[in-house]
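Single-structure report; data block below.
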Amino acid sequence: GAASIMETKPVITCLKTLLIVYSFVFWITGAILLAVGVWGKLMLGPYISLIADNSTNAPYVLIGTGTVIIVFGLFGCFATCRGSPWMLKLYAMFLSLIFLAELVAGISGFVFRHEIKGTFRRTYTDAVLNYNAEDEASRAVDNLQHNLRCCGVYNYTSWFASVYYPSNGIPASCCFNSSDCNQEDLRNATAAPSKVYHQGCFELVTSFMETNMAIIAGVTFGIAFSQLIGMLLACCLSRIITANQYEMV
């Protein structure tokens with residue numbers, strides 16, 4: 001009776017503290033996801049039309065997930081403070097669902113990365129060939145070329161086949177020095193190469209993806225692993241409280 005309560009009390013306190021800290025960190029990751037989703041919606045809006053055939057729901061998925069995690073992070077803190085076994089079990093179940101969803105997302109991202117590259121190559125080539133300097137896709141191409149300091153799909157010669165080139169030359173977003181870049185030079189196949197970036201955008205973006213693949217995978221599995229820790233904590237606490245409930249009057 002009394003002795004075992006003396007032993008389990010510190011264990012319960014310790015587990016509760018750990019789980020509250022964990023839930024708080026979990027809550028912060030939710031807030032970060034929410035922020036990334038909102039940032040993606042605002043900042044990457046113009047580029048999204050290039051990467052996906054139709055406008056993608058990725059930012060909304062992030063915003064939704066972030067919100068759900070914020071709610072459940074708070075629920076986790078509440079469940080822990082209350083020490084309610086069924087609430088803790090519900091929390092553990094939610095964490096396991098998130099864990100599975102992350103594994104699925106991580107694995108499918110890894111499996112489909114070549115398809116993602118293929119889609120990007122296709123949509124970006126289309127955007128270059130049909131560039132008119134006015135529509136959304138064209139603005140996205142300009143932003144991409146200007147910000148990443150690249151030109152064309154594989155290099156600047158991609159532009160020679162576009163509908164824009166015969167009358168206007170290579171777009172000004174390819175120039176590395178905007179002050180020394182007139183349309184006359186951009187229309188001239190001999191003068192243009194000395195004025196524009198030589199790095200192709202497709203190569204640049206995909207090599208960046210390949211280089212950072214390991215980091216992205218590491219982060220995903222790190223987060224997934226932390227979900228397992230939370231599940232274990234919540235389950236242990238729930239079991240110990242249930243086992244000692246009849247003594248803790």
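The values are calculated or read from the model by the stated rules, or taken from the named source; none is laboratory data. What you are looking at is a predicted structure, and each value in this text was computed from that prediction instead of being measured. Cβ sites come from the backbone with ideal geometry, for glycine too, and all protein chains shown count toward neighbours. Areas reflect the complete protein model, heavy atoms only, side chains present, ligands, DNA and RNA absent. Shrake-Rupley method; radii C 1.70, N 1.55, O 1.52, S 1.80 Å.
Quickly run through the range 119-158 and pick out the residues that are among the basic types (Lys, Arg) and more than 19 Å from Ala192 (Cα to Cα). Passing the criteria: Arg121, Arg122, Arg139.
So, in the range 6-38, how many residues would count as being in contact (Cβ under 8 Å) with a residue 12 or more places away in the chain and of a type outside the set (A, V, I, L, M, F, W, C)? The total comes to 7.
When the test is whether a residue is open to solvent by less than 40 Å² (accessible area, probe 1.4 Å), under 19 Å from Ser178 (Cα atoms) and either within 26 Å of the chain's Cα centre (by Cα) or at pLDDT below 90 (or both), Tyr124 does not pass it.
Reported count of residues in the range 193-232, each being farther than 27 Å from Phe99 by Cβ, of a type outside the set (Val, Ile, Thr) and under 18 Å from the mean Cα position of the chain (by Cα), is 2. Kindly indicate whether any position in the range 162-170 is at pLDDT 90 or above and touching a Ser or Thr at 6+ places or on another chain (Cβ under 7 Å). Looking for residues that are at pLDDT 90 or above and touching a Ser or Thr at 6+ places or on another chain (Cβ under 7 Å), one finds none in the range 162-170, hence no.
If you scan the range 70-93, which residues turn out to be within 21 Å of the chain's Cα centre (by Cα) and of a type in the set (Phe, Trp, Tyr)?
Residues of the range 70-93 that are within 21 Å of the chain's Cα centre (by Cα), as a first pass: 70-73.
Phe72 - this is the single residue of the range 70-93 that is within 21 Å of the chain's Cα centre (by Cα) and of a type in the set (Phe, Trp, Tyr).
Just checking, does the range 207-223 include any residue being at pLDDT below 85, surrounded by 15 or more Cβ atoms within 10 Å (Cβ to Cβ) and of a type in the set (Ser, Thr, Tyr)? Scanning the range 207-223 turns up at least one residue that is at pLDDT below 85, surrounded by 15 or more Cβ atoms within 10 Å (Cβ to Cβ) and of a type in the set (Ser, Thr, Tyr).
Of the residues making up the range 6-43, those that are loosely packed, with under 13 Cβ neighbours inside 10 Å and among the hydroxyl-bearing types (Ser, Thr, Tyr) number 2. Selection of the range 162-189 for residues being open to solvent by 20 Å² or more (accessible area, probe 1.4 Å) and either under 14 Å from Val141 (Cβ atoms) or in contact with a Pro (Cβ under 6 Å, 6 or more places away or on another chain) (or both) yields Val163, Tyr164, Tyr165, Asn168, Ala172.
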